[in-house]
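The values are calculated or read from the model by the stated rules, or taken from the named source; none is laboratory data. Note that the structure is predicted; figures quoted are calculated from it, not measured. Methodologically, a virtual Cβ is constructed for each residue, glycine included, from the backbone with ideal geometry; neighbour enumeration extends over all protein chains shown.
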Amino acid sequence: MALEVVWSEEAENQLDRIVEYMEENWTEKEIEKFFNRLEDALKQISQHPQRFKKSERKEGAREF
């Protein structure tokens, strides 16, 4: 059973800044590849969260 991935506010803000940078400096193809890899990583996290480091900031959370 896959778990839900919940993004912290900090992670969402960082992703927004990354996207802004990519839109200014990357091609559409590169951006698409990045999001495909991100989607694959999120699937891994939801299916096997124990593979990832325990968060030192939030009890019961994992970091990627």
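Considering each of L38, L3 in turn, give the residue that is farther than 16 Å from A61 by Cβ and among the hydrophobic types (A, V, I, L, M, F, W, C). Result of the check over L38, L3: L38. Take the conditions surrounded by fewer than 10 Cβ atoms within 10 Å (Cβ to Cβ), part of a loop (DSSP other than H, G, I, E, B), modelled with pLDDT under 95 and acidic (D, E) and apply them to E10. Does it pass? Criteria not met by E10. Annotation: of all residues in the stretch 45-64 being closer than 14 Å to A2 by Cβ and of a type in the set (S, T, N, Q), the one that is surrounded by the fewest Cβ atoms within 10 Å (Cβ to Cβ) is Q50.
Of the residues making up the stretch 47-64, none is of a type in the set (S, T, Y) and out of contact with any strand residue (DSSP E or B) (no Cβ under 7 Å at 6 or more places or on another chain).
The single condition from (1) of a type in the set (D, E, K, R); (2) assigned to a helix (DSSP H, G or I); (3) free of Cβ contacts under 8 Å to residues at least 40 places away in the same chain that K43 fails is (3).
For the stretch 19-38, residues that are surrounded by 10 or more Cβ atoms within 10 Å (Cβ to Cβ) and in a loop (DSSP other than H, G, I, E, B) total 1.
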